[in-house]
Amino acid sequence: VGLSTPRGSGTSGYVQRNLSHLKPRDTVAPYPKDFEKMKHRQRQPDKEILEHDRKREVEVKVFELRDRLEDEGVDEEEIEEQTSELRKKLLAEHKGDRTNAKALKPHQVHELAKAKIEESEKLRKALKISEDYEEGSHWRKQEERL
């Protein structure tokens with residue numbers, strides 16, 4: 001790319017790139033024609049993981065109660081009775097659980113996905129968008145007219 005030797009050329013031999021060179025533009029359209037690839041797909045939460053997290057949260061509270069009662073010296077039958085009552089109560093509360101999306105942490109991916117789906121559904125209903133609406137269908141109709 002440069003001179004084999006800068007001797008006698010009156011230069012230092014340093015080679016610069018041509019910054020004024022314009023690269024040829026792409027001949028493809030500025031947007032892809034395949035809308036299916038560009039279509040956003042909502043990540044579906046795993047129901048089993050969500051259920052497991054709920055049950056784990058309940059069991060943590062039950063274990064805390066059991067630990068506190070054992071420290072107080074309550075007999076085993078009374079502990080079993082109170083923990084089973086608390087477990088039933090907490091499981092009943094968690095059946096129709098509406099979690100606060102702002103309280104979720106970034107590592108709670110499935111809970112965040114569920115909250116996002118619920119938020120999208122609320123927005124769709126508020127804007128009165130039909131359930132069978134397909135994203136990008138307006139552009140296809142416009143393309144057919146041309």
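Every test in (1) modelled with pLDDT under 85; (2) surrounded by 11 or more Cβ atoms within 10 Å (Cβ to Cβ) is passed by residue 80 save one, and that test is (1). Any residue that is at negative phi, modelled with pLDDT of 85 or more and either surrounded by 14 or more Cβ atoms within 10 Å (Cβ to Cβ) or in contact with a helix residue (DSSP H, G or I) (Cβ under 7 Å, 6 or more places away or on another chain) (or both) - is there at least one of those in segment 96-110? No, segment 96-110 contains no residue that is at negative phi, modelled with pLDDT of 85 or more and either surrounded by 14 or more Cβ atoms within 10 Å (Cβ to Cβ) or in contact with a helix residue (DSSP H, G or I) (Cβ under 7 Å, 6 or more places away or on another chain) (or both).
Selection of segment 107-146 for residues being aliphatic (A, V, I, L, M), part of a helix (DSSP H, G or I) and farther than 28 Å from residue 46 by Cα yields an empty set.
The values are calculated or read from the model by the stated rules, or taken from the named source; none is laboratory data. Everything numeric in this text was worked out from a predicted model, so none of it was measured. A quick note on method: Cβ atoms are made from the backbone with ideal geometry, for glycine too, and the neighbour counts reach across all protein chains shown.
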